[in-house]
Amino acid sequence: MEKLFNQTINTLAGMVDVRARKHRVILSNVANIDTPGFTAAEVRFDNELLAAKDVRMARTDAKHMTVKKDGQGSVSYDIRESPDQVKLDTEMANLSENQLLYNATVEILARKFRGIQAALRETK
Amino acid sequence: MDISASFSLCGSALSAQRAKMDVITSNLANADVTRTAEGGPYRKKSIALVSEPVKDNFDKSLRDALKTVRVAEVTEDASPPRLVHNPSHPDADAKGFVAMPNVNLMSEMADMIAVSRSYEAMVTAFDATKNMALKTLEMGK
């Protein structure tokens, strides 16, 4: 039987967290648009997320134990210092994209919870 | 999501832009002032902003990337005053020249538009933060 709070919820929660972090980095970039010498920081994680789907340790011997995929719930990302100055239009585009995806992830998470709630209510 | 950190970041940027706007307004208002407390015509003021790392004791993962803004200093432009020939002016010198403030109206207006746009961008970012926080609060509904 599937666990009540399965991997999807953990992945979604990790995703919300990373989106929130990215939002803060974009905020910091926009805030420093007029600061001389400030270079933009950028959060990159989408590629790592795609790669994370298939992360498992290589089994080079038949006696090796299979490794449970624990890391799937957390979404990895890295913060890079871009060499350029802050570009307002790019940042604002990133801001709205990130906001949209954040809201979408929260919505999916909320629906997931509503689904569990509906299942629980049926026992009454 | 640490909402208070996001809001304080937005707040710092908004107040820095507002300070910039105040200085520009002061320059524009005093563009024709020939007498000041320090003597001589008004001198154009410039403002410099500086970024500071966010003080966040709980979340250290983004520490290096997040920077708040504050006003570093307000400096006076040292360039010489504009000399205008106007012998009837009470502050005219023996040759009839009046030392007017070194404020360039055009560049002040251009700076004002830039500040206004930066302020708008920050307000939009603030709005986005607020919407995200509200959305998160609605998750349990």
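The values are calculated or read from the model by the stated rules, or taken from the named source; none is laboratory data. Everything numeric in this text was worked out from a predicted model, so none of it was measured. Cβ coordinates were reconstructed from backbone atoms using ideal geometry, including for glycine residues, and neighbour counts include every protein chain displayed.
Residues in region B:6-45 that are assigned to a loop (DSSP other than H, G, I, E, B) and of a type in the set (S, T, N, Q): B:N30, B:T34, B:T36.
Within region A:8-43, the set of residues being aliphatic (A, V, I, L, M) and not in a helix (DSSP H, G or I) comprises A:I33, A:A40, A:A41, A:V43.
For region B:29-55, the tally of residues that are exposed (fewer than 15 other Cβ atoms within 10 Å of the Cβ), among the aliphatic types (A, V, I, L, M) and more than 13 Å from chain A (Cβ to nearest Cβ) stands at 3. Of the set (1) buried (at least 16 other Cβ atoms within 10 Å of the Cβ); (2) part of a helix (DSSP H, G or I); (3) hydroxyl-bearing (S, T, Y), all apply to B:S107 but (1).
Results for (1) at pLDDT 95 or above; (2) more than 9 Å from chain A (Cβ to nearest Cβ); (3) surrounded by 12 or more Cβ atoms within 10 Å (Cβ to Cβ); (4) not in a helix (DSSP H, G or I), shown as yes or no for each residue.
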{"site": "B:A65", "(1), (2), (3), (4)": "no, no, yes, yes"}
{"site": "B:R70", "(1), (2), (3), (4)": "no, yes, yes, yes"}
{"site": "B:P80", "(1), (2), (3), (4)": "no, yes, no, yes"}
{"site": "B:L83", "(1), (2), (3), (4)": "no, yes, yes, yes"}
{"site": "B:S88", "(1), (2), (3), (4)": "no, yes, no, yes"}
{"site": "B:D93", "(1), (2), (3), (4)": "no, yes, no, yes"}
{"site": "B:N102", "(1), (2), (3), (4)": "no, yes, yes, yes"}
{"site": "B:N131", "(1), (2), (3), (4)": "no, no, yes, no"}
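With respect to B:A72, determine if the residue is in contact with a strand residue (DSSP E or B) (Cβ under 7 Å, 6 or more places away or on another chain) and under 30 Å from A:A41 (Cα atoms). Yes, satisfied. Tell me the residue from B:L83, B:L105 that is without any contact (Cβ under 8 Å) to a residue 60 or more places away in the chain and farther than 18 Å from A:G37 by Cα, please. Going through B:L83, B:L105 in turn, the sole match is B:L83.
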